[in-house]
1. Scan segment A:310-329 and tell me whether some residue there is more than 14 Å from every other protein chain (Cβ to nearest Cβ) and among the aromatic types (Phe, Trp, Tyr).
2. Which residue is farthest from the other protein chains (Cβ to nearest Cβ), if the candidates are limited to segment A:1-53 and must be over 30 Å from residue B:179 (Cβ atoms) and not in a helix (DSSP H, G or I)?
3. Out of the residues in segment A:377-436 that are touching a residue at least 60 places away in the same chain (Cβ under 8 Å) and among the small types (Gly, Ala, Ser), which is farthest from residue A:333 (Cα to Cα)?
4. If a residue must be open to solvent by 10 Å² or more (accessible area, probe 1.4 Å) and either out of contact with any helix residue (DSSP H, G or I) (no Cβ under 8 Å at 6 or more places or on another chain) or in a helix (DSSP H, G or I) (or both), how many such residues does segment A:360-391 contain?
5. List the strands (runs of 3 or more DSSP E) inside segment B:456-565, counting only whole elements, that have at least 1 residues being in contact with a Leu (Cβ under 6 Å, 6 or more places away or on another chain), at the interface with another protein chain (Cβ under 10 Å from one of its Cβ atoms) and open to solvent by 10 Å² or more (accessible area, probe 1.4 Å).
6. Out of all the residues in segment A:115-160, which are under 19 Å from residue A:40 (Cβ atoms), crowded, with 24+ Cβ neighbours inside 10 Å and among the charged types (D, E, K, R)?
7. Please verify whether residue A:106 is in contact with a helix residue (DSSP H, G or I) (Cβ under 8 Å, 6 or more places away or on another chain) and in contact (Cβ under 8 Å) with a residue 24 or more places away in the chain, treating the condition exactly as stated.
8. Criterion first (basic (Lys, Arg), within 21 Å of residue A:201 (Cα to Cα) and modelled with pLDDT of 95 or more) does residue B:470 satisfy it?
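The values are calculated or read from the model by the stated rules, or taken from the named source; none is laboratory data. Being a predicted model, the structure only gives us computed values, none of them experimental. For neighbour counting, all protein chains shown are included, and Cβ atoms are generated from backbone atoms with ideal geometry for every residue, glycine included. Calculation scope for accessible area: heavy atoms of the full protein, side chains included, ligands and nucleic acids excluded. Shrake-Rupley method; radii C 1.70, N 1.55, O 1.52, S 1.80 Å.
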There are 2 protein chains.
Amino acid sequence: MSVAEAAGLRLYEQHAAALEAAAQACRTRGWFSLFQETPDKHPGGEAARAAGLSAFQGQLGRRFELDQPGMVDRVGEEVSPYSCEPLGIDYPRADLDALFDAARRAMPAWAAAAPRARLGVCMEIVDRLYADVFLGAQAVMHTAGQGALMSYAGSGTNALDRGVEALAYAQAAMADVPAAAIWERRFGSTTLRLQKRYRLVPRGVAAVFTCATFPTWNAYPAMLANLATGNPVIVKPHPTAILPMALAVRTCREVLVAAGFSPDLVTLCCDTVVEPIGKDLVKHPRTAIVDFTGSARFGAWVEDNAAPALCFTETSGVNTVVVESVEALEPVVRSLATTMSLFSAQMCTSPQNVYVPRDGIRCGERRIGAEEFGEALAAAIESIAADGRRAGQIMAAIQSPATPGLVDEMAEAGRRRGRVLQESRPYLHAEFPAARTRTPLLVAVDAGARDLYGEERFGPIGFVITAADRAAALAEATRDAREGGAITAFVYSTDPGFLERAEDGYAAAGAQLTCNLTGPMPLNFAAAYSDYHVTGLNPAGNATLTDLAFVASRFRITQVRTPVG
Amino acid sequence: MSVAEAAGLRLYEQHAAALEAAAQACRTRGWFSLFQETPDKHPGGEAARAAGLSAFQGQLGRRFELDQPGMVDRVGEEVSPYSCEPLGIDYPRADLDALFDAARRAMPAWAAAAPRARLGVCMEIVDRLYADVFLGAQAVMHTAGQGALMSYAGSGTNALDRGVEALAYAQAAMADVPAAAIWERRFGSTTLRLQKRYRLVPRGVAAVFTCATFPTWNAYPAMLANLATGNPVIVKPHPTAILPMALAVRTCREVLVAAGFSPDLVTLCCDTVVEPIGKDLVKHPRTAIVDFTGSARFGAWVEDNAAPALCFTETSGVNTVVVESVEALEPVVRSLATTMSLFSAQMCTSPQNVYVPRDGIRCGERRIGAEEFGEALAAAIESIAADGRRAGQIMAAIQSPATPGLVDEMAEAGRRRGRVLQESRPYLHAEFPAARTRTPLLVAVDAGARDLYGEERFGPIGFVITAADRAAALAEATRDAREGGAITAFVYSTDPGFLERAEDGYAAAGAQLTCNLTGPMPLNFAAAYSDYHVTGLNPAGNATLTDLAFVASRFRITQVRTPVG
């Protein structure tokens, strides 16, 4: 056994109980977390928070130190959505072949190590990322534009939990293959005994693409699933959100080196908006796996062009809401308004299209007209938008400078084709007065205007869509999911029959359905270990966080048969 | 619960113990079979054998009765390799859209049934196929050209075992998803409880392509894995070997109807050699899964073009042997000769390239020269070829009328580029004097002649290749596997260090390795439940029989979340 493998196995011993608890959670799918989900309970206390902030500020305006092979030059064009100022950080841009060469050199020792040794190193990486979660959160805030709490929880602890979840599944899939067997059979008068030994062989180098608005959430599971199954990882961050991934890559490299493995099992592949390298990376002859998070358009290209590499995608879609009947209107519109405002709807799970039957929503004895509903929803959004502090906490900042223009285009179209229920406007962020902000636009249209709402309109843009009746509302909404892709869906109904039809319709369309949820939880909250995220049944992606299919093909099985006496 | 689902669950109860035993075998991977592996022990006895033969003979010259939707006309051009006469059977050729429409109509009730109900129906199909195994064996003999024993065991019981193995994995993957969970978490001062229900949703219609020489072996696992996970199946047999799949499709349809499900969950899609429909089937917008067995060339096209459909392939490759040192020569050449003669090397596992070091093979105190080895191997082949009865049992018949021409081409090239150690010739089959037969061609060449042996030469064609030394022999052989694809590999060496290097080399090349095997078992025998067949690490295919990856992505997971008190 190599020194590195022994170190990995010691790390495994340290983390075995945590990983076993995570595996148990995957099987029962109740609430579970290895981490404190609010910053005030982080074991590092206030000192850790302050250290994270200070480390982030110390990084601004400086080169990012990352000693990896094949550097060609340095690039970096990140701008904080909170200050609208450049971060002034540059990163090594590497020669692609050099990254692959380094990864291939690093791979044999990693592949030869016992799965538990790799899992031990991966869990140690998770631990280190949790220790540095406040620095990571600052990086996410000032590239993606997320609020402080989401940066800590959604992009920190929840993302790490999804990573550990992927490790638990990887362990289960690998453990399904026994190390050896004795096979015995008679052939004529002879009894033949064969010893069979089975070996897990990683696929090869994995390219992990991360997105601009939620970089860590899919990245951690993909990186860790690949590493655990023996595959080196080249991380390709969106050029406007490099820092969160540069930090993660550096942490991975440090933990690998400390254990005695090559750091080149994880490298960073930077590009720029004008010189994108994504297609070259996907089509590189040594790319064996592609994990892609990003736009639906490039995601579709990846799905069509990745072969012979395996490909796991999560893109985006048109998430829908059907409001058929309610016990009380106010909690529903409050929940919808909060969720449609959350991170300015820049999440792959944000609802966009809210369907209402033309004859209105039954609410106890009375019917609420579609118009009345739309106005109530607009008012609930306005009550967040009007309160600068609350708006800042919920809406946070707009990642891309292109988004406000898209919002304005939709407002213009909305005025022509329907009615603007709620205008979008910048709001003044209490802490960051220069922040790029936009309150949600809400447009009322008839179900005919599919060219407006039938695809994802990225950013704080929502539609209240009047359908002929409740059956039409459900049919249109599930059609959006089927054709445009969808990850989440929401239905409000007090009619069990309608709920049943909604369940069947959304199951066929491949969207995760939430029924009649109100209250403090964001409607689109996706819980690691419990919620299966993305179904693969519609264009919003082909990979699920996390099921066996997410891990089982990342390694392959070879065998050796030898006669024994 | 529907009547059909209840019937499926009753069938599950009948077969639960068998399926559980199969699942246990998958975990331990020792010998296991649900069936009698030799015809004389079949529970139906001699009567079953006679009935199978008589049913086959009764089918000759008649239309194949298959009452399925969308028939356009009838086609059929099968010719028995044993009589070289047309079978005279015609089959319905169906409109592709009609098959998909029928499959989609049949799908909801099947998808809604409990996994155990589907598994029960699938196990009943297996039972029925076993009851009719003698008829199926006749169909395989007189289309693929296999010998009687291989048709019964390899294409019958072993293929059914692989099918049950796939069912066991499908059950395990589906059981990994719980039916429901309660998730509870505090948000601020509120505790939220969500009930989550998880639903398994099939992908959609699966197209199962089967090959000319071994139609059932990959077909049964693919058909059963798809059905168990809820997906309808359209079977597309090779136009020269329709009958084995037509029988299987008819059996599936009968069992489905008897249970109360739609027979259109399994249909047959026939084409002709001049009017192939394969590409249309792969690119059909409703094709959700493609299982392909066939040529490497079309397989590569399928892999490149199947997206967004999932794709599982097994094609073929260049299986290699390295002979480095032996305890005794005779058992080695006898085993190699038998395996290279078996079914005239028309198996995806047949070895083609035998590498020998230029300075010969160590055998105890002496060295056997490359030339001496080649002559010994040729003599061992000749001793089978010269005995008509043994030749018939081992070599069986040549499936395709094109194969003899390919053999002659290679003989001609061998004469030019090296030396023909053993000429190929027709042999007189003792039972079927009109049979299309060819004894194996064996050509000696130097390692430079890669254009001859670097790709699969389909049929009874073997090469003895002299490499510079043992390291070069291993390097060339593993290169064949890596570049040309390979499923099996064989090494003979008494040197533990060399065996270790061979293990590493073939593991990296993704070929299953058998070391120092001699004796009565065909070297390329692949045991269900024990041998992982195809690794996915080289061009010989991307799917393994059977691992979790073969089943886990055939269904997806949707969920419904509802607040509970």
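1. Within segment A:310-329 (the criterion being more than 14 Å from every other protein chain (Cβ to nearest Cβ) and among the aromatic types (Phe, Trp, Tyr)), the answer is no, since none of the residues qualifies.
2. A:44
3. A:434
4. Of the residues in segment A:360-391, the ones open to solvent by 10 Å² or more (accessible area, probe 1.4 Å) are A:362-367, A:369-372, A:375-376, A:379-380, A:382-383, A:386-390.
Checking which are either out of contact with any helix residue (DSSP H, G or I) (no Cβ under 8 Å at 6 or more places or on another chain) or in a helix (DSSP H, G or I) (or both) leaves us with A:362, A:364-367, A:369-372, A:375-376, A:379-380, A:382-383, A:386-390.
Qualifying residue count, segment A:360-391: 20.
5. Working: elements: B:461-467, B:488-492, B:512-515, B:555-563.
So the answer is B:555-563.
6. The answer is none; no residue qualifies.
7. On the way: in contact with a helix residue (DSSP H, G or I) (Cβ under 8 Å, 6 or more places away or on another chain): yes; in contact (Cβ under 8 Å) with a residue 24 or more places away in the chain: yes.
Spelling it out, residue A:106 is indeed in contact with a helix residue (DSSP H, G or I) (Cβ under 8 Å, 6 or more places away or on another chain) and in contact (Cβ under 8 Å) with a residue 24 or more places away in the chain.
8. Numbers: basic (Lys, Arg): yes; within 21 Å of residue A:201 (Cα to Cα): no; modelled with pLDDT of 95 or more: yes.
Here the answer is no, as residue B:470 does not meet what is asked.
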